[in-house]
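Participant: Below: one structure in structure tokens.
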Amino acid sequence: MEIPSNHRNEEQPEYSGPILFYNNDVIDHFTNPRNIGELLQNETDGYGLVGDPDCGDQMKLWISIRAGKIAKIAFKSYGCPGAIATSSMLTDLAKDKTIEEAKRITDDDVVEALGGIPERKKHCSLLGVLALQAAIKDWETRFRLQEKKTRDLPRP
Amino acid sequence: MIYLDHNATTPLDPRVLEAMMPYFKDNWGNPSSPYRFANRAKTAVEKARQRIAECAECKPEEIVFTSSGTESDNLAVRGAAYTLRSRGNHIVTTSIEHHAVLNTCKALEAEGFRATYLPVNSTGAVDIREVEESLIPETILVSVMHANNETGTIQPIKEIADLAKQRGILFHTDAVQSTGKIPQPLCKLGADLISFSGHKFYGPKGTAALYVRENTQLAPVITGGLQERGFRAGTDNVAGIVGLAHALSLAMESSDKEYTRLRELRNHLESRVCTVISGVKINGAEAPRIPNTTNLSFDSVDGESIVLGLDLHGICISTGSACSTGEPEPSHVLLAMGLSPKEAQGSIRISLGKVTQEKDIDATIHALSKTVNRLRAISSV
């Protein structure tokens, strides 16, 4: 049959689909997530795992701390485009920040940095924040253990 | 653009648009008006009714025009419930119905009716024995959809119709997703009430109908004037009704050939997906299905991310799940079939149509494989 006019080929597909309504920055972070991957075990100072695949999304996050700053950060995410994009943006925001600065990053900061996200996807942005806090907490625990070990070392 | 979401809607067939145009431009009279000019509109509506009746193999006066599949479902379920209230308050339906039926039953429950939501097996089909066991003396209506919109699974409608008839219980089927896709007149389904909607078979949006078996009483959902013999008030959507009838007869004319063609294309798609991509499950593959629909679950990726990934390749598909209220809610249909929330979350629906060619399928497989591989590479699961 003849192809109706609303079936015309479009060279540039529309980025805002009828279900998704994400802006171009969100699409960009979904398509090219920053800091994606895992850190090697010997460079990982903190690791966070949050979310539950059965509830929709999950994130793993690795940090490497040098001189009190987040020198390296990496993540992997399972979830909707909103979860992937906000996770990616969170790692961008946290990179090179001091621990204290990183702790203060909120889900609203992530949404704002992305230039907004659909209302029903706002909860996604909490995933990265919680993963980062978990990784920092993990680092603090390891740091204290290390300090304790150093303290308890028999002095020469 | 490659459009593979024909279960959501279809493009208007240019021939249908052409048939509708005179009723926008020239014959714009109100069919209920008393002068000759308006008669042309009235005649068009009655001709359309006649034409639909021929396709459906029923009497013209058994067709009631509505504005949507949802309205048809509401008229059937609410209309029957209110009319038969004095006889009983129990409704039997399934857990995989369209929300037009499910949420109407829930609303009726809040008004004091009782509803049984029958389970389905792993292929998405209801068991006729379970239907039988659910019937009680207070049962006034059974409503079971013909083909499911997410998986395409076809329900044993004829058997349920026979059972309901034996028990003297009114039977409604939502045939919105199957009408025009199966080479069989609607009334062969044997139901007392049948919903169908124009935009699912290349007709205009905002046009639908409910088949109402003669001598069936239904309380109207939209009250007002006496249009549609009191079943549905409101000035007739003349051009839309003309389009609905034209679209249905075109769909039925080509349904034999299209049925075979689409089934072969769909099967080609499914076998290619399973060859090219690992960790895929076809949902409802073992059940009889409408020929154009496939529902696929992918391990370790989210369906909405696949949909967006394909959108970026210019390909339109949808998720099996609809994220409606903030929290992502996996598809009630897939969960009812026994899929885990994670499997349901990782599902997509691809629905083919009459513009779909084999090259579209091959391009889709290519894009799908790239998208799924990329998402799996970044997935934490």
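The values are calculated or read from the model by the stated rules, or taken from the named source; none is laboratory data. Since the structure is predicted, the reported quantities are computational estimates derived from the model, not experimental observations. Quick reminder, even Gly has a Cβ in these numbers, built from the backbone with ideal geometry, and neighbours come from all protein chains shown.
Residue-wise test of (1) surrounded by fewer than 18 Cβ atoms within 10 Å (Cβ to Cβ); (2) within 8 Å of chain B (Cβ to nearest Cβ); (3) part of a loop (DSSP other than H, G, I, E, B); (4) at pLDDT 95 or above.
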{"site": "A:ASN6", "(1), (2), (3), (4)": "yes, yes, no, no"}
{"site": "A:ASN9", "(1), (2), (3), (4)": "yes, yes, yes, no"}
{"site": "A:TYR15", "(1), (2), (3), (4)": "yes, yes, yes, no"}
{"site": "A:PRO18", "(1), (2), (3), (4)": "yes, no, yes, no"}
{"site": "A:HIS29", "(1), (2), (3), (4)": "no, no, no, yes"}
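Participant: Under 28 Å from B:LYS200 (Cα atoms), surrounded by fewer than 21 Cβ atoms within 10 Å (Cβ to Cβ) and of a type in the set (A, V, I, L, M, F, W, C), is that true of B:CYS105?
Facilitator: It is false that B:CYS105 is under 28 Å from B:LYS200 (Cα atoms), surrounded by fewer than 21 Cβ atoms within 10 Å (Cβ to Cβ) and of a type in the set (A, V, I, L, M, F, W, C).
Participant: So which of B:ALA81, B:ALA38, B:ALA44, B:ALA8 ends up being closer than 30 Å to B:GLU270 by Cα, of a type in the set (A, V, I, L, M, F, W, C) and out of contact with any His (no Cβ under 8 Å at 6 or more places or on another chain)?
Facilitator: Answer to the check: B:ALA8.
Participant: I'm trying to understand the selection: among the residues of segment B:328-343, which are touching a residue at least 60 places away in the same chain (Cβ under 8 Å) and closer than 14 Å to B:THR123 by Cβ?
Facilitator: Hits for segment B:328-343 are B:VAL333, B:LEU334, B:ALA336, B:MET337, B:GLY338.
Participant: Quick one: count up the residues across segment B:355-381 that are in a loop (DSSP other than H, G, I, E, B) and either surrounded by fewer than 20 Cβ atoms within 10 Å (Cβ to Cβ) or at pLDDT below 95 (or both).
Facilitator: Adding up the residues that qualify gives 4.
Participant: Among the residues of segment B:128-147, write down those that are assigned to a loop (DSSP other than H, G, I, E, B) and touching a strand residue (DSSP E or B) at 6+ places or on another chain (Cβ under 8 Å).
Facilitator: Step one: list which residues in segment B:128-147 are assigned to a loop (DSSP other than H, G, I, E, B), which gives B:135-138, B:144-146.
If the condition is that a residue be assigned to a loop (DSSP other than H, G, I, E, B) and touching a strand residue (DSSP E or B) at 6+ places or on another chain (Cβ under 8 Å), then B:LEU135, B:ILE136, B:GLU138, B:VAL144, B:MET145, B:HIS146 are the ones that fit.
Participant: Evaluate segment A:89-103: report whether one residue or more is out of contact with any Ser or Thr (no Cβ under 9 Å at 6 or more places or on another chain), part of a helix (DSSP H, G or I), within 14 Å of chain B (Cβ to nearest Cβ) and crowded, with 16+ Cβ neighbours inside 10 Å.
Facilitator: Checking segment A:89-103: at least one residue is out of contact with any Ser or Thr (no Cβ under 9 Å at 6 or more places or on another chain), part of a helix (DSSP H, G or I), within 14 Å of chain B (Cβ to nearest Cβ) and crowded, with 16+ Cβ neighbours inside 10 Å.
Participant: Sticking with this structure for a sec: For segment A:134-156, how many residues are surrounded by fewer than 17 Cβ atoms within 10 Å (Cβ to Cβ) and assigned to a helix (DSSP H, G or I)?
Facilitator: 14
Participant: Turning to a different aspect of this structure: Test A:ASP52 against the stated conditions and say whether it is surrounded by fewer than 19 Cβ atoms within 10 Å (Cβ to Cβ) and either within 11 Å of another protein chain (Cβ to nearest Cβ) or of a type outside the set (Phe, Trp, Tyr) (or both).
Facilitator: yes
Participant: A further question on this structure: Among what's in segment B:4-52 and is among the small types (Gly, Ala, Ser) and part of a helix (DSSP H, G or I), pick the residue that is surrounded by the most Cβ atoms within 10 Å (Cβ to Cβ). Spell out how you get there, then give the answer.
Facilitator: Taking segment B:4-52 first, the residues among the small types (Gly, Ala, Ser) are B:8, B:19, B:29, B:32-33, B:38, B:41, B:44, B:48.
Now restrict to residues that are part of a helix (DSSP H, G or I): B:19, B:38, B:41, B:44, B:48.
Details: B:ALA19: 19, B:ALA38: 17, B:ALA41: 25, B:ALA44: 23, B:ALA48: 28.
Among residues in segment B:4-52 that are among the small types (Gly, Ala, Ser) and part of a helix (DSSP H, G or I), the one surrounded by the most Cβ atoms within 10 Å (Cβ to Cβ) is B:ALA48.
Participant: Does B:GLU57 satisfy the condition of being away from every other protein chain (no Cβ under 14 Å) and on the phi > 0 side of the Ramachandran plot?
Facilitator: Numbers: away from every other protein chain (no Cβ under 14 Å): yes; on the phi > 0 side of the Ramachandran plot: yes.
Against the criterion (away from every other protein chain (no Cβ under 14 Å) and on the phi > 0 side of the Ramachandran plot), B:GLU57 qualifies.
Participant: Still on this structure, please answer the following. Applying the selection to segment A:108-125, what residues are in contact with a helix residue (DSSP H, G or I) (Cβ under 7 Å, 6 or more places away or on another chain) and not in a loop (DSSP other than H, G, I, E, B)?
Facilitator: A:ASP109, A:VAL110, A:VAL111, A:ALA113, A:LYS121, A:LYS122, A:CYS124, A:SER125
Participant: Look through segment B:316-352, keep the residues that are surrounded by fewer than 24 Cβ atoms within 10 Å (Cβ to Cβ), assigned to a loop (DSSP other than H, G, I, E, B) and within 10 Å of another protein chain (Cβ to nearest Cβ), and return whichever of them is modelled with the highest pLDDT.
Facilitator: Checking each candidate, the answer is B:SER340.
Participant: If only one of A:GLY82, A:GLY128 is touching a Lys or Arg at 6+ places or on another chain (Cβ under 6 Å), surrounded by 15 or more Cβ atoms within 10 Å (Cβ to Cβ), within 14 Å of chain B (Cβ to nearest Cβ) and assigned to a helix (DSSP H, G or I), which one is it?
Facilitator: Of the residues listed, the single one that is touching a Lys or Arg at 6+ places or on another chain (Cβ under 6 Å), surrounded by 15 or more Cβ atoms within 10 Å (Cβ to Cβ), within 14 Å of chain B (Cβ to nearest Cβ) and assigned to a helix (DSSP H, G or I) is A:GLY82.
Participant: Quick check on segment B:275-315: of everything there that is among the polar types (S, T, N, Q) and assigned to a helix (DSSP H, G or I), which residue is nearest to the other protein chains (Cβ to nearest Cβ)?
Facilitator: Selected residue: B:SER305.
Participant: Working only within segment B:2-19, note down all residues that are of a type in the set (Asp, Glu) and within 10 Å of chain A (Cβ to nearest Cβ).
Facilitator: Going through segment B:2-19, the residues of a type in the set (Asp, Glu) turn out to be B:5, B:13, B:18.
Listed by number, the residues that qualify are B:ASP5, B:ASP13.
Participant: Can you confirm whether segment B:108-124 contains a residue that is exposed (fewer than 15 other Cβ atoms within 10 Å of the Cβ) and of a type in the set (A, V, I, L, M)?
Facilitator: yes
Participant: Given the criteria over 21 Å from B:GLY152 (Cβ atoms) and modelled with pLDDT of 95 or more, does B:SER278 qualify?
Facilitator: yes
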